[in-house]
Amino acid sequence: MRALSAALCLAALALPVRASDGFIVVQSTTSTQNSGLYDAILPRYGGEVRVVAVGTGQAIRNARNCDGDVLLVHAREAEEAFVAEGYGVARHDLMYNDFVLVGPANDPAGVAGAADIDAALSAIAAARAPFASRGDDSGTHKKERALWAGAGIDPDEDSGTWYRETGSGMGATLNIATGMGAYALTDRATWIAYRNKGDHRILAEGDAALFNQYGVVAVNPARCPAVRVDGARAFVGWLLSSEGQAAIADHRLDGQQLFFPNAAGE
Amino acid sequence: MQGFGDAFAAAFGLIARLDADLVEIVGLSLQVSLTATLLACAIGFPLGAVLAVGRFPGRGALTVLVNALMGLPPVVVGLVVYLMLSRAGPLGALGLLYTPAAMIAAQTLLVVPIVAALTRQIVADLDAEYHETLRSMGAGAGARMRTLLWDGRLALTTAGLAGMGRALAEVGAVMIVGGNIDHVTRVMTTAIALETSRGELALALGLGMVLMVLSLALNALAMGARMGAARMAHA
């Protein structure tokens, strides 16, 4: 074990790591990375921010292991539990967008005319039309489960038939959905940035239940002594400042704004 | 639908303008996978020779284990290394998670069984051939291993290349312990996975083609070196 540690240290020393001091690690949801948000805002921040984009469920687990300094995800209840259990300093609203239901243009379940998301999901279940679920405990997956519950449907009974759990990230799930002509729930930012849409399009949107709030939490040094406290505080502070909020608002793709800042001013 | 034509165009475009990000990613891929392969050879060659020549209890079981570990899923290796290097793990204080060193450690673990198992077979075959000669010379086990490893050096390059192929191609382990961090731990395979998840299939496939070209070049180099060495040996 000691020999392995020594070898790893040597290897670490031998490798050039850029600006190894002063960086922080952000455990993040994938939609922010896939839609290019970090590429757009981090140069305006200036400090070195290393983003590990893995999906909300895994990001929270990694942060619980103290493997990050800041958590940026979209599952409010899980974020509040993270803080309540002592892993996070405080949770802040950062920005929002919304979820959309996408599906094949020929819309076999006829969800396009549905009055709300409940009716749309009920139509899919009634038609037993294929639906690709993340199935990975991500923020989007948690939202999707809540929406099914809200519509009074338990899709688990049909898992493996029309309800298909991919156990994969948002992009991989969209690849599967477009490949098999399935419906899927996705955040709007990932969908706008996604380049393999095929003949899939947004079929249901705009329901208040589809609101998608992103939050940011600095990891608690009392629980994780190795956390880079100053760097984490500086980055969270910047994100919530008018400057950071403006950077988020300015990120556009194909002429559309992807995230809408809503931090509770200073 | 994005087709192979788009992929070829993407690959050609990336190479033709020597895209700075691509150069960085290719450089890190080579750095990580070549280092891991060299470390794995440093461990795997002697380990394979010991398994081939040594006589000790449990040798058969160990051989079966090493052979079985060739099928180790990269994701499992990634998880094991993650649990070791996580701040919450036994080696967390080193702060190596999400660094190239962590990726090298994971790939070394992946490649050692391949190199060791192939080395064992090569050395065992040579040993069967030269056993009497070496014994008549009164060579001890250590000297026999050294002699046989040296004698089998041409075949052993294939073992090393097989290991390097595994290291360059795997994505599961480096994704978990490296984190696919832009400019820090992003390598060819994790970049391909990211572009696939963005639906940029042509770009992902283009990166895959660059990886194949790289692999071809490395194998051609090794083949050239082997042929040169063989010619020298017969001259």
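Values as computed for the structure displayed
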{"item": "Computed E for A:Q213/B:L216 - FRET, C-beta separation, R0 60 angstrom, nearest 0.05", "result": "0.80"}
{"item": "³J(HN,Hα) computed for each position of region A:203-217 - Karplus, 6.51 cos²θ - 1.76 cosθ + 1.60, integer Hz, glycine/proline x", "result": "10, 9, 7, x, 5, 4, 5, 8, 4, 10, 9, 9, x, 10, 9"}
{"item": "Fewest-first sequence of A:R64, A:R223, B:R231 by Cβ atoms within 10 Å of each Cβ", "result": "B:R231, A:R223, A:R64"}
{"item": "Nitroxide proxy distance, nm - points 7 Å out along Cα→Cβ at A:R44 and A:D93", "result": "2.0"}
{"item": "Region B:19-234, dipole about Cα centre (Lys/Arg Cβ +1, Asp/Glu Cβ -1), debye to the nearest 20", "result": "700"}
{"item": "Long-range HN-HN contacts of A:E165 with modeled amide H, under 5 Å", "result": "A:S133, A:G160"}
{"item": "Other protein chain Cβ atoms within 10 Å, averaged over every residue that makes up B:87-98", "result": "5"}
{"item": "Cα-based helix-to-principal-axis angle, A:170-180 vs chain A, degrees rounded to 10", "result": "30"}
{"item": "Estimated distance in nm for a label pair at A:F260 and B:H234, the labels positioned 7 Å out from Cα along Cα-to-Cβ", "result": "7.6"}
{"item": "Dipole magnitude (debye, nearest 20) for the protein assembly as shown, charges at Cβ of Lys, Arg, Asp, Glu", "result": "2080"}
{"item": "Cα-centre dipole for chain A with unit charges at Cβ (Lys and Arg positive, Asp and Glu negative), debye to 20", "result": "800"}
{"item": "Long-range HN-HN contacts of B:G199 with modeled amide H, under 5 Å", "result": "A:R195"}
{"item": "Angle in degrees between helix A:117-127 and the longest Cα principal axis of chain A, rounded to the nearest 10", "result": "60"}
{"item": "Amide H within-cut-off set for A:R201, under 5 Å, with H built and near neighbours excluded", "result": "A:G103, A:A105"}
{"item": "Dipole axis of chain A (+1 Lys, Arg; -1 Asp, Glu on Cβ), positive-most option in A:P225, A:V26, A:Y87", "result": "A:P225"}
{"item": "Whole-Å distance, taken between Cα centres, linking region A:169-242 and region B:178-220", "result": "23"}
{"item": "Whole-percent pair-distance distribution, where bins are 10 Å wide, for the alpha carbons of the protein assembly as shown", "result": "4, 17, 24, 23, 16, 9, 5, 2, 0, 0"}
{"item": "On Cα atoms only, tilt of B:201-234 relative to the major axis of chain B in degrees", "result": "30"}
{"item": "Dipole axis of the protein assembly as shown (+1 Lys, Arg; -1 Asp, Glu on Cβ), positive-most option in B:I181, A:A189, B:T35", "result": "B:T35"}
{"item": "Positive-end residue, region B:19-234 charge dipole about Cα centroid, Cβ charges, pick of B:W150, B:G58, B:L168", "result": "B:G58"}
{"item": "Whole-Hz couplings from phi, Karplus 6.51/-1.76/1.60, listed for region B:11-26; x for Gly and Pro", "result": "4, 5, x, 4, 6, 4, 9, 6, 2, 4, 5, 5, 4, 4, 5, 5"}
{"item": "Estimated vicinal HN-Hα couplings, Hz - region A:38-52 in sequence order (Karplus 6.51, -1.76, 1.60; Gly, Pro = x)", "result": "5, 4, 7, 9, 4, x, 6, 6, x, x, 7, 10, 9, 9, 9"}
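None of the figures in this text is laboratory data; all of them are computed from the coordinates on show. Remember, it's a predicted structure, so these values are computed and weren't measured experimentally. Positions of Cβ are generated from backbone atoms using ideal geometry, with glycine treated the same way; all protein chains shown enter the neighbour counts.
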